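Worksheet for the structure shown next.
Bear in mind that the values in this text are calculations on the coordinates, not laboratory data. Since we're looking at a predicted model, the values are computed, not measured. Using ideal geometry, Cβ is built from the backbone for each residue, glycine included, and neighbour counts are taken over all protein chains shown.
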């Protein structure tokens, strides 16, 4: 076994998959390719952020003459770019793997996670793809296939689903 591809998104399942992939890579002398894929977000999407007031907020008389503090003002802040989120997730993976003796490459991608994992596994001639798996709820099952299922169904190499 020469190359193991592991999908990493920072979830508990991905943490378990990363640990298992690293164990296998170390024991087999294989290289590890850690891939973080984030879906592309809509352009211009913003997030409401609580921002502390610069000056003390005076109490405003409420019903019955009692003072109540004013709420913190909201402002809109752009979401981080998907590629930045993937890079952030890879930093977490780097910290987890730092004490291990395994040749590791990190790849940040934007798009569909299953498609990107499968494409990279083919391009890099991977022997194994490792992904975290979890119990899918009713709504999850209604909305469609998940990364673990899609990878297992379409991979050209072996797949290890880590629970």
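Neighbour counting of Cβ atoms within 10 Å sorts the residues 163, 88, 146, fewest neighbours leading, into 163, 88, 146. Ordered by the number of other Cβ atoms lying within 10 Å of each residue's own Cβ, fewest first, 92, 100 fall into the sequence 100, 92.
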